[in-house]
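Notes follow the structure.
Bear in mind these aren't lab numbers, they're just calculated from the coordinates by the rules spelled out. It should be emphasised that the depicted structure is a prediction, and the values quoted were computed from it without experimental measurement. Cβ: placed from backbone, ideal geometry, glycine included. Neighbour counts: every protein chain shown.
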Number of protein chains: 2
Amino acid sequence: MGSKVENAGHLLFVMFVMFAGGKLGAEILERLHQPGVLGELASGVILGPSVLGLVRPSEWTIGLAEVGAIFLLFAIGLEITPQDLRAVGWTAAEVATLGVIFPFVLGFLFLRAAGRSWVESIFVGAAMVATSVGITARVLADLDALSTRAARVILGAAVMDDILGLLVLAVVSSMSSGQVHYGQLLVVGLEALAFTLVMIFLASRVVSRMDPHIAKLRARDSAFALGVMACLGLSLASMKIGMAAIVGAFMAGLALADQSGKWQLRQNFRPLSDFLSPFFFVLLGVQVHLQSFARGGILALTAMICLLAIVGKLIGCGLGSLHLGFKEACRVGIGMIPRGEVGLIVAGVGLTLHTISQNLYAVVLTMSIVTTIVAPPLLRWVLPRPESLSSGTETSQPLPSSSHPGAE
Amino acid sequence: MGSKVENAGHLLFVMFVMFAGGKLGAEILERLHQPGVLGELASGVILGPSVLGLVRPSEWTIGLAEVGAIFLLFAIGLEITPQDLRAVGWTAAEVATLGVIFPFVLGFLFLRAAGRSWVESIFVGAAMVATSVGITARVLADLDALSTRAARVILGAAVMDDILGLLVLAVVSSMSSGQVHYGQLLVVGLEALAFTLVMIFLASRVVSRMDPHIAKLRARDSAFALGVMACLGLSLASMKIGMAAIVGAFMAGLALADQSGKWQLRQNFRPLSDFLSPFFFVLLGVQVHLQSFARGGILALTAMICLLAIVGKLIGCGLGSLHLGFKEACRVGIGMIPRGEVGLIVAGVGLTLHTISQNLYAVVLTMSIVTTIVAPPLLRWVLPRPESLSSGTETSQPLPSSSHPGAE
């Protein structure tokens, strides 16, 4: 066989190993009643240079992971209509805002006190900001608690702090040079805000105006193809104005969410996201160098960041929902603890830009794993017991969580 | 921005350009009442080094194209159950066999007479073998003629000659070294035959036995994930025994076809194939060097190959179905003319293995385009007129053709 064919064979092999490894890990973690996404991360660690050395970052794997993150965020965006965002109201906004400020400030101050640089401290703080919508929703669904008031507040706030987290990422990305340019920061921040507002308030109207024209297109899968183009195109656009590609992908999803029933977008992009997102999570694991933890002080640092991540959300989100009563505030606070996609993406961007070290990357990844593991048992403890414990598997079927890509 | 992020941005850019360009081309060709796949090929020629130079073969684009071809053939396999293959009967088998032999022999003899090498002649002959199931079915659907006897024979034979074409490819691939090893050829041929028989007669039973176990798996998308793994895994397996990856992918689809309703495989893999297959067709176009045609004699060679491709199918398939009457034989012969995926794949493999030249690759691509353009008007001419000419768009909805990936 020629070298190019062997090459294509190798690309296929890497793809197979990443996908099968990720799914095996997910299956094992599900059996341990943990989110499958943790299994994908763990598989990545095992497949990567730390253990087996089968998968390395390359043009192929980086491309797959990038596309995986983009279509994951696009699919998450498709689940959320602009109306959802406007309807969740004041409590959710308060919970989201305080739940972003507290972990960020705690993480930032602690790292500065520990002698880290401004940029590093800001990056880690930013990675501690966003609750994982997917993981939270899945846990609530498994506990049969999606219809409770606490759950509605949690979901609304989790959606909002995803956007806040993405905005923070946009701002933080501009620090890639290692120096903070305040003027540039302001511009990027304003651009991100303008982009967000346009996408939330205008884009979906533009899209619904386009609807009759789409119907006229000849190609069978026009709506699907336009979805792919919107997702890739807005990802590129957001990179152009200095934001992360995933921000654009998420916004593209939001803009198309109103049409996603009619155009069968959710249904068609779910398999795409299911297929591609494992490459993202597995490659995140691949990029963890277990040796990082061997260094003195890193384990202690990790423990402290985990603690602050948990306490920050508990206090911030608890304060934001205190007027609902102490018990509800506890539920909301605990429900907001898990960090996932967005935090990992922030850390991944930081690593790629060389603004955070391998060590800090491993710390953030561990934080995301620990917060995700900690939340389900705690939530189970504070939430009212589901009427039948065995109904978890059936009830998770029709809920948003189960159609939430990458959330299992 | 760091170089790695720019790199990811470039990968996204190439992806966007290939997808959007391909879909634009498909839309234009659809409006000209031609198969969209021709538009994707043409876009590739324009995006490639011949004209714009925006897309080049690289690890990323080759990987995407490879995966695109694999999931396309997997999705085609999912449309065909082993029972379908066994039920189409003697006429279809006769049409398929003679329709494979005639073009192959004509193409081979002509190229030998024109002074080409054995391997080149065999490769081009092999690329002239397989009718495009997708394109044919789509044309029949558009003409509202899918329920006619001629159509059933055409579809059955088109499915069979796809398999014959893939078997020929398996045999032909073993000639990659440029020398023909007859012993090795025999082994590969027997392996391919054994593989095919196992997949058609045994694999689907094994899969249906697995069904209850699949239901026990925890991960939400287990059946989908197993489909991906079967597709990638059997692609790798078929490469291991010396066949093309797509043969394994097609067989994986066949084996899972019986379960594809229950496991929602068709529905979930269609978006995947719709998303990925344009990269395959666009990259095929990218690999055409328009300069090839400037060389003396190539245009004449192309015209001759096109003529032989058309005449070979007309005579071979017409003879195979002559007992149905002359008119029916004409319909079947014409319906079998379009060449598509498999021929392009054979030529692509030949190009990658450096066994056929750029010039011959361009000839084969042109042959596939010409046969595809020629068939629809001829078919329209010999088939009974549809009752209402305007019903074409509605009737194409529930038919296999419209759920046929990459066939638009």
*Report the percentage of all Cα-Cα pairs in the stretch B:279-384 whose separation exceeds 17 Å, rounded to a whole percent.*
57
*Can you list residues whose amide H is under 5 Å from A:Ser50's amide H, if they're 5+ apart or on another chain and H is modeled 1.01 Å from N?*
A:Leu290
*Gap in Å between the Cα centre of the stretch B:42-74 and the Cα centre of the stretch A:334-365?*
34
*Give the long-range amide H neighbours of B:Arg339: residues separated by 5 or more places, or on another chain, with amide H under 5 Å away, using H modelled in the peptide plane at 1.01 Å from N.*
B:Ser132, B:Thr371, B:Thr372
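Counting only other chains, what is the mean number of Cβ atoms within 10 angstrom of the Cβ of each residue in peptide B:7-17?
For peptide B:7-17, the averaged partner shielding equals 6.
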*In whole Hz, what ³J(HN,Hα) sequence does the stretch B:115-121 give by Karplus (6.51, -1.76, 1.60; θ = phi - 60°), x for Gly and Pro?*
x, 7, 6, 3, 4, 4, 4
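Just checking the output field for A:31-40: average partner chain Cβ neighbours within 10 Å of each residue's Cβ? Each step should come with its number before you reach the end.
On the way: counts 3, 1, 1, 0, 0, 4, 0, 0, 1, 0.
That works out to 1 on average.
Given a Förster distance of 41 angstrom, what is the FRET efficiency for A:Leu32 paired with A:Arg209, based on the Cβ-Cβ distance and rounded to 0.05?
Using R0 = 41 Å, I get an efficiency of 0.25.
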*Distance check, please: which entries in A:Lys262/B:Lys23; A:Lys23/A:Lys313; A:Lys240/A:Lys262; A:Lys240/B:Lys23; A:Lys262/B:Lys262 exceed 27 angstrom between their Cα atoms?*
A:Lys23/A:Lys313; A:Lys240/A:Lys262
*Tell me, what ³J(HN,Hα) does each residue in the stretch A:13-30 have, in order and in whole Hz, if you take phi through Karplus 6.51 cos²θ - 1.76 cosθ + 1.60 with θ = phi - 60° and put x for Gly and Pro?*
4, 4, 4, 4, 4, 5, 5, 5, x, x, 5, 4, x, 4, 4, 4, 5, 4
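Can you give the mean number of other chain Cβ atoms that lie within 10 Å of the Cβ atoms in peptide B:119-125? Mind dumping the intermediate values first?
Values: counts 0, 0, 0, 0, 0, 0, 0.
Whole-number average of other-chain Cβ neighbours for B:119-125 is 0.
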*When the Karplus curve 6.51 cos²θ - 1.76 cosθ + 1.60 is applied with θ = phi - 60°, which whole-Hz ³J(HN,Hα) does each residue of the stretch A:100-114 get, with x for Gly and Pro?*
8, 5, 4, x, 4, 5, 4, x, 4, 4, 4, 5, 4, 4, 7
*What does the charge count near B:Cys330 come to, summing +1 for each Lys or Arg and -1 for each Asp or Glu among other residues with Cβ under 15 Å from its Cβ?*
+4
